[in-house]
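Read the structure below first, then the notes.
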Amino acid sequence: MASESALRSLIGTSLRHEDGDVRKSAANALGLQSALPESALWALIGALQDENEDIRMEAASTLGKQLILPESALHALTGALQDKNGYVRYLAIKMLGEQPRLPESVLQSLIGALQYKNEDVRIGVTYALGEQLTLPEAALQALIGALQDENEYVRYSVVKTMRKQSVLPESALQALISSLHDKNGYVKLLTACVLGKHSTLPESAFQTLIGALQRKNVDIRISAAQGLGTQLILSESALQAITCALQDENEYVRESAANTLGKQPTLPEFALQPLIGALQDKDRNVRKTVACALGKQSTLPEFALQPLIGALQDKDRNVKKAAVRALGKQRTLPGSALQALIGELQDENEETVNALEQHV
């Protein structure tokens, strides 16, 4: 830790020295201090305007080592977003993003920076905004506007920032719905994930997710199925769409659809029938997920129990385990199911023993 007199010398003399190397060394020396007095911070803020880019980089780097920066320093960093040097801009964005809570005036400056010509700055600003636990309405509205940015990386970064928000207003959800039609596949995929994490979606978003089950991009279809799975209750039209997805050409879509159906507390017969049929899926992971989904229904009708009993003969051990667990969770079992479970006791499977104990 430098002495007070040494700090005064660095601040008052060295940072103002006509020799650029001396000024750079002074900024670097200040960076070795764990905590700087306000006078040092002001000197470093001034150094962000130095004609020498190496000194501006050192000044920005030194400021970044401080855990908490005063509002004046934060404003200076927003000004550094227009620095000619890319590394200075990067350091400014990084430091702004690392601050746990930015004051409103600084947030306003960041919002304005979403209009800067430099696309890297616009991307960086969305990152810094995304590091805030909560964003004011003005920031969210600015991000909504940035979903129309000409640069696909900016749009992706905006969606990524929105994903971090625990609550989004309906205006943001509506804007994200439009982003499901983005030209960039990664933007569309991430958008579907963001919409899916909200347990209650407006009807328009709901319908868009249903429509996304028909998209050519397989990742979007998977995300749409998973997104619908976050909804507490699915409408009849959504259930119809999800059951159709059990026939999708992609096994991950089929698995996601089965998992989504399993999250519903009660499935109507028109949804149960295709789910039961999926016990014959060629993919073992799909069959396992189907058995698990059926097991989440507390009372299965007779026509569903028989295929589950048949799944006890599946070649895949994990599918068999899932079928045993599903049967064991039923309130009552017919004699044929009990006999089938008894037949499985020869494997000395703990799952089978537990399932039988529920019905003895």
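The value of relative contact order for region 273-333, using C-alpha pairs under 8 Å at least six residues apart, is 37 percent. In terms of its C-alpha gyration tensor, region 164-255 has an oblate overall shape, because the principal axis ratio a/c (a ≥ b ≥ c, square roots of the eigenvalues) is not below 1.5 and a/b does not outweigh b/c. Once you list every other residue whose beta carbon is under 12 Å from the beta carbon of Gln132, what net charge do they have if Lys and Arg are +1 and Asp and Glu are -1? That works out to -1.
All other residues whose Cβ lies under 12 angstrom from that of Leu81 are scored, Lys and Arg at +1 and Asp and Glu at -1, for a net of +3. Residue by residue, region 161-166 carries 3J(HN,Hα) couplings of 5, 5, 4, 7, 7, 5 Hz when phi is fed to the Karplus relation 6.51 cos²θ - 1.76 cosθ + 1.60 (θ = phi - 60°); x denotes Gly or Pro.
Can you give me the solvent accessible area of Glu152 with a 1.4 Å probe, rounded to the nearest 10 Å²? Around 70 Å² of this residue is reachable by solvent. Note on exposure: Phe303, Phe206 ranked by accessible area (1.4 Å probe, complete protein assembly) read Phe303, Phe206, with the most exposed listed first. Each part reduced to its alpha carbon centroid, region 49-109 and region 248-282 end up 52 Å apart.
Any idea how far apart Glu170 and Thr230 come out in nm if each label point goes 7 Å out from Cα toward Cβ? About 1.9 nm, to one decimal. Near Asn151, once Lys and Arg are set to +1 and Asp and Glu to -1 for all other residues with Cβ below 15 Å from its Cβ, the sum equals -1. Among the protein heavy atoms of region 121-276, carbon and sulfur supply 52% of the accessible surface, probe 1.4 Å, non-protein parts ignored. A full extension of the chain between Lys329 and Lys216 corresponds to an added length of 36.9 nm, given 0.36 nm per residue minus the alpha carbon distance.
The values are calculated or read from the model by the stated rules, or taken from the named source; none is laboratory data. This structure is a prediction, so every number in the text was calculated from the model and none was measured. Reconstructed Cβ throughout: ideal geometry from the backbone, glycine too, with neighbour counts over all protein chains shown. Protein only, heavy atoms only, side chains kept; ligands, DNA and RNA dropped before computing areas. Shrake-Rupley method; radii C 1.70, N 1.55, O 1.52, S 1.80 Å.
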